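Here the structure comes first, spelled out in structure tokens, and everything after it is commentary.
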Amino acid sequence: MNQWILEKTGFDPADAAADGNRFLCANGYMGLRGAVEEAGPAQFSAITLAGVYDQYQDRWREPVNAPGALHFRLSFNGQALALGRTEALSHRQRLDYRHGVFQRETDFGPVTISSRRFVSMADCHLLADQYELRFRADGEMTLLAGISTAIWDINGPHLFDFDYQAGNALLVRAATGEKRIAVAAAQCMTPDFEAEETLLQREQGIFRAYKRRVKKGDTLTVSAFAAICTALDGGDPADSARAHCLQAQARGFDACLQAHRDAWERIWDRCEITLEGDEAAALALHASQYHLNCIAPRHADSLSIPARGLSGQTYKGAIFWDSEIFFFPMFVHTQPEIARSLLRYRIKTLPGALKKAAEYGYRGAFYAWESQEGGTEGCTNFNVVDVFTHRPVRTYFRDKQIHISADIAYALRSYYDITGDRSLLMAGGARVILECARFYLSRANAHLDSDGVDFADVIGPDEYHERVKNNAFTNRMILYCLESALRMREIFADQPGWFDRLLRELDYEKDWALIRDLCPRIREPRVRDGVVEQFDGYFDLEDCTLDDVRARLCDPREYWGGDHGVAGTTQIIKQADVIALMALFPDRFSPEEVAANWRYYEPRTEHGSSLSACMYALAACRIGRPDAAWPLFMKTAQIDVLGGGKQWAGEIYIGGTHPASNGGAWMIAALGFAGLRMQNGYPTLHPHLPPQITRLRFPITAGGKRLLVEVTPDGGEIRELG
Ligand code: IFM
């Protein structure tokens, strides 16, 4: 087995959505789904742009898909040859995780199409495709090559006012509907068909139609260079797109590919985990690291990563807590500049969080549950559609999942604790923590007749139980956020002037005193036989099995949560909640406590979210049970190799890649199996290797140094890399 190659033979239209995800090529600026060149919206072909959003009519805001700038369509002797529409004798496609190169080979009988393409890691605007035709019969071929504007949108269309231009590069210009953001796509080719007898076609795009008589044994190879730019990049996107693709054309396909491969090598140099002992696990880890790395915002300094990466418009292209809790760890340990970008996105979107809190009648920062540009809340009050009535269901993620602000504070604090670097706190991070703490002050429910303070009417990570009181995860995260606010004074003890000025600017004096008063009063969860109650009253719910609950479903796509969901009145939970808490605070709970909770909650967890298994695996390592962690690790790491994961929430399609699992796989390997812990740039190891692994080796960046961690069944060591 090659540990870097995902390969598939045959073609089944039913797999088109999943394959588009599994074979994704991306570079942080855009994601090109793994569909073949001739595919259109029906095969879920798309180029999804990072950070560009639009709303069509009253539908959900979602990221914008760009024109299909690497589009080819072939016909031979009058017959269209298109995978899925024309019978192919064979089809094979592969993705090289090491270098982000997608290849396909389709034998249609008289003609075989093969190609290799990439979304450049060296130039974030560039995509390139080398497309080869081998003829096994005489005849006439027509190749349409250009930019397709038949765009797959879930809630679109988003691009209007198309303008097409020919010239040394084909060009499509358009603007988004809501904010009139200009988007441009350009494409040029070698050889340039303009020199041949070509025809320009401007229907649903702009194409060069290249007609030629061919003979058996002929081959034709063309290289297409495409570029996408938007007005958000600065400058004129049309000029830039044209310039990027013409420059690439001048360099040639091989040189562009080499630059792209070199860029990937530099990424692997920073973060590659080598796993020995289990080939499938090694492949899955590479896949996970590939998928998380290919969507990292390397081109921008304050951008975060959507929950479904750049694999499409699912989840509105929004930024969730996934960024801070699941993506951040790999980056902060290996490529801290990307971790900083994720956090700077939150710093930059603080105004949106202040606005949201005010809208709900609170003070401080209440971050968007589904955050889009500027911190705009993408989550609606009706986030699920009922499969029976087809009516939107009132969900409460937007207004009650208040742990989001504390999750952000947690990551900001971790960034400092792990790296010892205060610069991000000084550049707005401290302000974010203080404003998040202030939000919880105003959100707390104090009582006239008791000292205890509740956080009522919330939703914890287990989204199936809505509007609960004192969710253990939420309360603990809030406490940590409040403590982190207070801790700022110690962190800046040598700069009291700066810190006092910040407090004065925020008019924080009274709040500071209130936070100190609040911390010891936050309600602790009930504990029964060592098991932390997930929220007040959880233990009183029906205690049944997952199979019992599954058997009550009338439709496999039915939503399990909320007032009418099958899980809501039971102890069955969607994803790690108390266990997530224990995984995030490894030092606060004894191994015995973690073990008792793991035993209780694991059988009651549906793992209905891709965020779940990794938390259980981390906790299993903590209690010295890497054997129990192993299947959860495989489930997490293989998710985008096998194409699994939930596809529906009620009637809403939620398919895509799973960056949270991808980050989870890194966490299990590095923080779980190797037991890496960092404090102030100083790493330690507490290995828990499962028997399947004979060696685990990976680089980290700590205190400005590059270190190599190596763990075998005999123990672990960390050494400096030259
Ligand atoms: O953030 C998660 C949430 O916890 C569960 N539903 C999917 C979201 C995006 O991954």
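Brief remarks on what is shown
- Scanning segment 520-563 for residues being part of a helix (DSSP H, G or I), within 33 Å of the chain's Cα centre (by Cα) and of a type in the set (Lys, Arg) gives a total of 1.
- Residue pairs meeting the criteria (Cβ under 6 Å; at least 6 apart or on separate chains; first within 24 Å of residue 476 (Cα to Cα), in segment 390-406; second at pLDDT below 95 and not in a helix (DSSP H, G or I)): 395/383; 395/384; 397/383
- Among (1) within 16 Å of the ligand (Cβ to nearest atom); (2) farther than 22 Å from residue 583 by Cβ, the one test that residue 363 misses: (1)
- Top-ranked residue in segment 6-19 [being crowded, with 16+ Cβ neighbours inside 10 Å and of a type in the set (A, V, I, L, M); ranked as farthest from residue 82 (Cα to Cα)]: 6
- Taking the numbered list (1) open to solvent by less than 20 Å² (accessible area, probe 1.4 Å); (2) of a type in the set (S, T, N, Q); (3) in contact with a strand residue (DSSP E or B) (Cβ under 9 Å, 6 or more places away or on another chain) in turn, residue 419 passes all entries but (1).
- Looking across segment 357-371, just one residue is buried (at least 24 other Cβ atoms within 10 Å of the Cβ) and not in a loop (DSSP other than H, G, I, E, B), and that is 371.
- Those residues of segment 517-540 which are without any contact (Cβ under 8 Å) to a residue 60 or more places away in the chain and either out of contact with any helix residue (DSSP H, G or I) (no Cβ under 7 Å at 6 or more places or on another chain) or surrounded by 13 or more Cβ atoms within 10 Å (Cβ to Cβ) (or both), in sequence order: 517, 519, 520, 524, 525, 526, 527, 539, 540
- Any hit, segment 209-230, residues being open to solvent by 50 Å² or more (accessible area, probe 1.4 Å) and part of a helix (DSSP H, G or I): no
For (1) within 16 Å of the ligand (Cβ to nearest atom); (2) among the β-branched types (Val, Ile, Thr); (3) not in a helix (DSSP H, G or I), each residue gets a yes or a no:
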{"position": "414", "(1), (2), (3)": "no, no, no"}
{"position": "433", "(1), (2), (3)": "no, yes, no"}
{"position": "437", "(1), (2), (3)": "no, no, no"}
{"position": "451", "(1), (2), (3)": "no, no, yes"}
{"position": "481", "(1), (2), (3)": "no, no, no"}
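- Scanning segment 635-669 for residues that are more than 12 Å from the ligand (Cβ to nearest atom), open to solvent by 10 Å² or more (accessible area, probe 1.4 Å) and among the small types (Gly, Ala, Ser) gives 643, 644.
- Members of segment 462-499 found to be charged (D, E, K, R) and closer than 30 Å to residue 534 by Cβ, listed by number: 462, 463, 466, 467, 469, 476, 483, 487
- Qualifying residue in segment 393-403 (condition: among the aliphatic types (A, V, I, L, M), farther than 15 Å from residue 484 by Cβ and open to solvent by 20 Å² or more (accessible area, probe 1.4 Å)): yes
- The helices (runs of 4 or more DSSP H) found wholly in segment 232-343 and carrying at least 1 residues that are within 16 Å of the ligand (Cβ to nearest atom) and surrounded by fewer than 24 Cβ atoms within 10 Å (Cβ to Cβ) occupy 328-334.
- For segment 453-476, the tally of residues that are within 22 Å of residue 585 (Cβ to Cβ), of a type in the set (Asp, Glu) and either within 16 Å of the ligand (Cβ to nearest atom) or open to solvent by 30 Å² or more (accessible area, probe 1.4 Å) (or both) stands at 2.
- Any hit, segment 156-165, residues being touching a Leu at 6+ places or on another chain (Cβ under 6 Å), open to solvent by 30 Å² or more (accessible area, probe 1.4 Å) and outside any strand (DSSP E or B): no
- Of all residues in segment 76-94, exactly one satisfies the criterion of being farther than 15 Å from residue 11 by Cβ and open to solvent by less than 30 Å² (accessible area, probe 1.4 Å), namely 76.
- Considering segment 569-608, the residues that are open to solvent by 20 Å² or more (accessible area, probe 1.4 Å) and closer than 30 Å to residue 392 by Cα include one that is farthest from the ligand (Cβ to nearest atom), namely 569.
- Test result for residue 142, more than 21 Å from residue 291 (Cα to Cα) and open to solvent by less than 10 Å² (accessible area, probe 1.4 Å): no
- Output for segment 670-699, where each listed residue is among the aliphatic types (A, V, I, L, M) and open to solvent by 10 Å² or more (accessible area, probe 1.4 Å): 671, 678, 685, 689
- Taking first residues from segment 451-471 that are without any contact (Cβ under 8 Å) to a residue 24 or more places away in the chain and partners that are open to solvent by 10 Å² or more (accessible area, probe 1.4 Å), the Cβ contacts under 8 Å between residues at least 6 apart in sequence or on separate chains come to 456/445; 456/469.
- Segment 25-65, residues that are touching a His at 6+ places or on another chain (Cβ under 7 Å) and not in a strand (DSSP E or B): 28, 29, 37, 56
The values are calculated or read from the model by the stated rules, or taken from the named source; none is laboratory data. Computed from a predicted structure; not experimentally measured. Methodologically, a virtual Cβ is constructed for each residue, glycine included, from the backbone with ideal geometry; neighbour enumeration extends over all protein chains shown. Just so you know, the surface numbers come from the protein's heavy atoms only, side chains and all, with ligands and any DNA or RNA stripped out. Shrake-Rupley method; radii C 1.70, N 1.55, O 1.52, S 1.80 Å.
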